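The values are calculated or read from the model by the stated rules, or taken from the named source; none is laboratory data. Worth saying up front: this structure is predicted, and the values here are computed from it rather than measured. Quick reminder, even Gly has a Cβ in these numbers, built from the backbone with ideal geometry, and neighbours come from all protein chains shown. Ligands, DNA and RNA are stripped out before the accessible areas are found, and what is left, the full protein with its side chains, is counted by its heavy atoms. Shrake-Rupley method; radii C 1.70, N 1.55, O 1.52, S 1.80 Å.
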Amino acid sequence: MAMLWTAAAFAADPQTAPAQESVMLRAGKADSFYHGLATELAAELNQPERGSPKIVVEESQGSVQNVIDAAHDRPLALFTAPPNVIIEARRGDKPFGKHAGYEDIRALFPIPFQAMHWVVRQDSGVKGFADLAARPFIPGPSGTFAERQTAALLKILGLDTQVQMIDIDSSAAPAALQSKQVLGFATAGAYPIAALQTLAGDVPIALLSLTPEQLDQALKSDGTTVALTIPPGTYPGIDRDVTTVALPAGIFATTHLSNALAYRITKAFWTGRPTLGENAPRWAAVTTDELLVLATKLHPGALRYYMEAGVKVPAKLR
């Protein structure tokens, strides 16, 4: 499934037609957050003027399987993953086990982070997390990033037994908020979340912001997340910075991918990133400042691009 095609498409005369290089990008199930990002990314990189090999998005079982496959039998594929999954694999945590191939994984560039959004009605009187006590709130579908982060934060704040948690399908959350069945809900995604922009246009909403102390507590309790600021104007009616936590992620490969291809893909991404951000706004916030949170050395081909572009690359990523 994850292979490099160096002769994938020929015209009628194979002696004169050039080979079309293709690289597989493994990115979760078809309805997943990462698969959606990969589809947007491939659409941009596959523009002829970008100079990238053809990127072919392939469905996978998720980030854990992507990392396992990269180390075992898919060494030439690109893949999406949060940095913590690679760290866990290198430690030999379950379900990975020890394998030298995990050390061959290298980063190319960041992709939009999954940011926590704690949404409440503006007229609910809720100004902070303590105000959720004894009120109906939807934490997100069981087992999701949003639900886990919400449960962890409420426990840290001593509110885990006080908030009235409502377990309903996430697709029904906006309607429940509009009808005042609940005062709010948690959701995660790269900002701006289109559905949330639509909701904010229908009913005034607010986003709960973490205080410095709450942020510090949240980050210390969970080594997978980073601090993130949702800027004012991202959603209608929200005119201030919102401090939250987010799950970082990136595009990774292994050292088996050639330096030349890694260079071309990385260059194509950053060259096309402004256009990608116009077509899919959640890419607009991706910058080279986020390289450090990938917590993995850069692929030599990617590093060559960053050095040529004048990007300051921390020593630990080289």
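Cβ-Cβ below 7 Å, separation at least six or inter-chain, first residue in the stretch 126-143 and free of Cβ contacts under 8 Å to residues at least 12 places away in the same chain, second surrounded by fewer than 17 Cβ atoms within 10 Å (Cβ to Cβ): which pairs? Matching pairs, first to second residue: Asp131/Gly125. From (1) within 26 Å of Met24 (Cβ to Cβ); (2) touching a strand residue (DSSP E or B) at 6+ places or on another chain (Cβ under 8 Å); (3) buried (at least 17 other Cβ atoms within 10 Å of the Cβ), pick out the condition that doesn't hold for Ala146. The failed condition is (1). Kindly indicate whether Pro95 is open to solvent by 10 Å² or more (accessible area, probe 1.4 Å), closer than 30 Å to Ser209 by Cα and out of contact with any Cys (no Cβ under 9 Å at 6 or more places or on another chain). Taking the combined requirement at face value, the residue does not satisfy it.
Residues in the stretch 115-131 that are open to solvent by 30 Å² or more (accessible area, probe 1.4 Å) and part of a helix (DSSP H, G or I) were compared, and the one that is nearest to Ala151 (Cα to Cα) is Ala130. (1) among the aliphatic types (A, V, I, L, M); (2) in a helix (DSSP H, G or I); (3) crowded, with 16+ Cβ neighbours inside 10 Å: which one isn't true of Ala188, the others all being true? Status for Ala188: all satisfied but (2). Applying the condition of being small (Gly, Ala, Ser) and within 20 Å of Trp283 (Cβ to Cβ) to the stretch 228-257 and asking which residue is most open to solvent (accessible area, probe 1.4 Å) yields Gly233.
Within the stretch 205-220, residues that are open to solvent by 60 Å² or more (accessible area, probe 1.4 Å) have Cβ atoms under 8 Å from residues that are in a helix (DSSP H, G or I) in these pairs: Gln217/Ile156, counting only partners at least 6 apart in sequence or on another chain. Considering the stretch 211-318, the qualifying helices (runs of 4 or more DSSP H), each wholly inside and each with 1 or more residues that are more than 23 Å from Thr198 (Cβ to Cβ), among the β-branched types (Val, Ile, Thr) and more than 18 Å from the chain's Cα centre (by Cα), run over 259-279.
I want to confirm something. Restricting to the stretch 43-58 and keeping residues that are outside any strand (DSSP E or B) and hydrophobic (A, V, I, L, M, F, W, C), which single residue is most open to solvent (accessible area, probe 1.4 Å)? For the stretch 43-58, the residue satisfying everything is Ala43.
Restricting to the stretch 162-173, and then to whatever is part of a loop (DSSP other than H, G, I, E, B) and of a type in the set (A, V, I, L, M, F, W, C), can you tell me which residue is surrounded by the most Cβ atoms within 10 Å (Cβ to Cβ)?
Filtering first and then ranking leaves Ile166.
Suppose we keep only residues that are of a type in the set (Val, Ile, Thr) and under 13 Å from Ser52 (Cα atoms) within the stretch 258-283. Which one would you say is surrounded by the fewest Cβ atoms within 10 Å (Cβ to Cβ)? So the residue we want is Thr271. Annotation: of all residues in the stretch 117-142 being among the hydrophobic types (A, V, I, L, M, F, W, C) and within 19 Å of Asp167 (Cβ to Cβ), the one that is nearest to the chain's Cα centre (by Cα) is Trp118.
Looking at Ala176, Ala151 in this structure, which one is modelled with pLDDT of 95 or more, open to solvent by less than 10 Å² (accessible area, probe 1.4 Å) and part of a helix (DSSP H, G or I)?
The match here is Ala176.
Among residues that are in a loop (DSSP other than H, G, I, E, B) and open to solvent by less than 20 Å² (accessible area, probe 1.4 Å), Leu159 is included.
Determine if the stretch 105-114 includes at least one residue that is basic (Lys, Arg) and surrounded by fewer than 17 Cβ atoms within 10 Å (Cβ to Cβ). Looking through the stretch 105-114, none of the residues is basic (Lys, Arg) and surrounded by fewer than 17 Cβ atoms within 10 Å (Cβ to Cβ). Taking the stretch 19-42 as the range and being surrounded by fewer than 21 Cβ atoms within 10 Å (Cβ to Cβ), touching a residue at least 40 places away in the same chain (Cβ under 8 Å) and within 15 Å of Trp270 (Cα to Cα) as the test, only Glu40 passes. Cβ separations smaller than 6 Å between residues 6+ apart or across chains give the following pairs from the stretch 298-318 residues that are aromatic (Phe, Trp, Tyr) to residues that are surrounded by 15 or more Cβ atoms within 10 Å (Cβ to Cβ): Tyr305/Tyr263; Tyr305/Thr266; Tyr305/Lys267; Tyr306/Val313.
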